[in-house]
Amino acid sequence: MAWIALEGMHFHAFHGTYEAEKILGTEYIVDVFVKAKISKAAKNDSLEDTANYETIFHICRLEMETPRQLIETVLVNIIERIKHQFPAMQALRVRVRKCNPALGGRVDASWVEEEIDFMVACPRCKTKFISYEEGDCWLRFPNLHPATRETLERQFGGSCLCDDCLKTYAG
């Protein structure tokens, strides 16, 4: 497993709750770390088999261009956009830093960071698999009968099952 990182992406953006932040803007630094298997990408020397830095940068740029009150909102939106881009991604860590926040004294930065592990164990067979779903992961199999969904919910409490186990139930 490897961490693929894009650190120190600098943006001038207009996030904040104070009027001056919305008009003048502030400097921000965004760091993104993607945990993924890189053996296939290295073997094939293929960009499609890894996390593309350019894609990560453009996602961050787009989110930074949309003014928000909270950097927490920016962070969550970056995560939501990135998590569906790279199918081999097993974990993701994102940090958004606001440089020199206007707090009435010298502060180098305020920041928020989140790390998400997408590797889960199937509650039925214990196989590890990647799951980006939150909530109703049964939606991957729209042909599941409502009674089957109810049984799965009762047996596994809403936890996601691996594709092989879901296929067993889906028929």
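The values are calculated or read from the model by the stated rules, or taken from the named source; none is laboratory data. Owing to the predicted nature of the structure, the values given are computational and were not obtained by experimental measurement. Note: ideal-geometry Cβ built from the backbone for every residue, glycine included; neighbour counts use all protein chains shown. Keep in mind that these areas ignore ligands, DNA and RNA; they rest on the heavy atoms of the full protein, side chains included. Shrake-Rupley method; radii C 1.70, N 1.55, O 1.52, S 1.80 Å.
Just a few scattered comments:
- The condition of being open to solvent by 70 Å² or more (accessible area, probe 1.4 Å) and without any contact (Cβ under 8 Å) to a residue 40 or more places away in the chain holds for only one of 124, 106, that being 106.
- Among the residues of region 39-57, those that are open to solvent by 80 Å² or more (accessible area, probe 1.4 Å), in a helix (DSSP H, G or I) and charged (D, E, K, R) comprise 40, 43, 48, 54.
- Matching residues in region 79-132 - criterion: being modelled with pLDDT under 90 and part of a strand (DSSP E or B): 120, 129, 130
- Which numbered condition residue 63 misses (of (1) of a type in the set (Asp, Glu); (2) in contact with a His (Cβ under 8 Å, 6 or more places away or on another chain); (3) at pLDDT 95 or above): (2)
- Residue within region 70-77 that is open to solvent by 70 Å² or more (accessible area, probe 1.4 Å), of a type in the set (Asp, Glu) and assigned to a helix (DSSP H, G or I) present: yes
- Residue ID - most open to solvent (accessible area, probe 1.4 Å), chosen from residues in region 133-155 that are of a type in the set (A, V, I, L, M, F, W, C) and modelled with pLDDT under 85: 139
- Of all residues in region 1-18, exactly one satisfies the criterion of being in contact with a helix residue (DSSP H, G or I) (Cβ under 6 Å, 6 or more places away or on another chain) and either without any contact (Cβ under 8 Å) to a residue 24 or more places away in the chain or under 19 Å from residue 38 (Cα atoms) (or both), namely 6.
- Residues of region 76-112 that turn out to be in contact with an Asp or Glu (Cβ under 6 Å, 6 or more places away or on another chain) and farther than 21 Å from residue 2 by Cα, as a count: 3
- In region 58-69, the qualifying residues are those that are exposed (fewer than 13 other Cβ atoms within 10 Å of the Cβ) and not aliphatic (A, V, I, L, M), and the one that is farthest from residue 102 (Cα to Cα) is 58.
- When residues of region 1-38 are limited to those that are touching a Leu at 6+ places or on another chain (Cβ under 9 Å) and in a strand (DSSP E or B), the one most open to solvent (accessible area, probe 1.4 Å): 35
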